[in-house]
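The values are calculated or read from the model by the stated rules, or taken from the named source; none is laboratory data. Note that the structure is predicted; figures quoted are calculated from it, not measured. Ideal geometry is used to build each Cβ from the backbone, glycine not excepted, and the neighbour counts take in all protein chains shown. When the accessible area is computed, the model is the full protein with side chains, heavy atoms only, and any ligands, DNA or RNA have been set aside. Shrake-Rupley method; radii C 1.70, N 1.55, O 1.52, S 1.80 Å.
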Amino acid sequence: QVQLAESGGGLVQAGGSLRLSCAVSGRTFSSYAMGWFRQAPGKEREFVAAISWSGSIAYYADSVKGRFTISRDNAKNTGHLQMNSLKPEDTAVYYCAERRGLTPARHSDEYDYWGQGTPVTVSS
């Protein structure tokens, strides 16, 4: 069973940076794309970023483009989300997810495995 564990969340002032990590274990398939999603209080879960198995393809939500960078290290079974120029509206619980296959996806229902989430709070 694939298991994902996020870390790196916390409290940061607006304009600051955080680097989220996603540790993956238990993979049984040959390749997995990874995505990051977030859910703010009272709102639906939304897409943030996704990356292909090779790392050559990345997608971003318009709201984070130019500020967030997704990456992965398959040798270490980890993924990362570097978040710069954070805004109060970025406050949410952030989740990493994986789907079997090479290509990333923007929709949460296309992902097979999810972590428990890590909270990010950006103060103004």
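Does residue 95 satisfy the condition of being open to solvent by 30 Å² or more (accessible area, probe 1.4 Å), within 13 Å of residue 120 (Cβ to Cβ) and assigned to a strand (DSSP E or B)?
Values: open to solvent by 30 Å² or more (accessible area, probe 1.4 Å): yes; within 13 Å of residue 120 (Cβ to Cβ): yes; assigned to a strand (DSSP E or B): yes.
The answer is yes for residue 95.
Inspect all residues belonging to the stretch 31-48 and state whether any of them is farther than 27 Å from residue 123 by Cβ, among the β-branched types (Val, Ile, Thr), without any contact (Cβ under 8 Å) to a residue 60 or more places away in the chain and assigned to a strand (DSSP E or B). Break it down into steps so the answer makes sense when it comes.
Step one: of the stretch 31-48, the residues farther than 27 Å from residue 123 by Cβ are 31-34.
Right, trim to among the β-branched types (Val, Ile, Thr) and you get none.
Looking for residues that are farther than 27 Å from residue 123 by Cβ, among the β-branched types (Val, Ile, Thr), without any contact (Cβ under 8 Å) to a residue 60 or more places away in the chain and assigned to a strand (DSSP E or B), one finds none in the stretch 31-48, hence no.
Is there a residue in the stretch 50-57 that is open to solvent by less than 60 Å² (accessible area, probe 1.4 Å), modelled with pLDDT of 95 or more and among the hydrophobic types (A, V, I, L, M, F, W, C)?
The answer is yes; a qualifying residue exists.
Do you know which residues across the stretch 111-124 are closer than 10 Å to residue 6 by Cα, open to solvent by less than 50 Å² (accessible area, probe 1.4 Å) and assigned to a loop (DSSP other than H, G, I, E, B)?
Going residue by residue through the stretch 111-124, those that are closer than 10 Å to residue 6 by Cα are 114-119.
Subset that is open to solvent by less than 50 Å² (accessible area, probe 1.4 Å): 115, 117-118.
Result: 115, 117.
Looking only at the stretch 58-92, how many residues end up being under 22 Å from residue 12 (Cα atoms), open to solvent by 50 Å² or more (accessible area, probe 1.4 Å), part of a loop (DSSP other than H, G, I, E, B) and not small (Gly, Ala, Ser)?
Matching residues across the stretch 58-92 total 4.
Being hydroxyl-bearing (Ser, Thr, Tyr) and open to solvent by 80 Å² or more (accessible area, probe 1.4 Å) is the requirement here; does residue 108 meet it?
On the way: hydroxyl-bearing (Ser, Thr, Tyr): yes; open to solvent by 80 Å² or more (accessible area, probe 1.4 Å): no.
Criteria not met by residue 108.
Does at least one position in the stretch 30-38 carry a residue that is over 16 Å from residue 6 (Cα atoms), open to solvent by 70 Å² or more (accessible area, probe 1.4 Å) and touching a Pro at 6+ places or on another chain (Cβ under 9 Å)?
Looking for residues that are over 16 Å from residue 6 (Cα atoms), open to solvent by 70 Å² or more (accessible area, probe 1.4 Å) and touching a Pro at 6+ places or on another chain (Cβ under 9 Å), one finds none in the stretch 30-38, hence no.
Please list, ordered by first then second residue, the pairs with beta carbon atoms under 6 Å, 6 or more apart or interchain, first in the stretch 73-92 and at positive phi and polar (S, T, N, Q), second assigned to a strand (DSSP E or B) and surrounded by 15 or more Cβ atoms within 10 Å (Cβ to Cβ).
That search, which allows pairs on different chains as well, returns 77/24.
Among the residues of the stretch 4-17, which ones are open to solvent by 30 Å² or more (accessible area, probe 1.4 Å), assigned to a strand (DSSP E or B), under 19 Å from residue 51 (Cβ atoms) and of a type outside the set (Ser, Thr, Tyr)?
Here is the first cut: in the stretch 4-17, the ones open to solvent by 30 Å² or more (accessible area, probe 1.4 Å) are 5, 7-9, 11, 13-15, 17.
From what is left, the residues that are assigned to a strand (DSSP E or B) are 5, 7, 11, 13.
Keeping just the survivors that are under 19 Å from residue 51 (Cβ atoms) gives 5, 7.
Within the stretch 4-17, 5 is the sole residue that qualifies.
(1) open to solvent by 20 Å² or more (accessible area, probe 1.4 Å); (2) within 17 Å of residue 2 (Cβ to Cβ); (3) out of contact with any Leu (no Cβ under 8 Å at 6 or more places or on another chain); (4) not in a loop (DSSP other than H, G, I, E, B): which one isn't true of residue 23, the others all being true?
Only one criterion is unmet by residue 23, namely (3).
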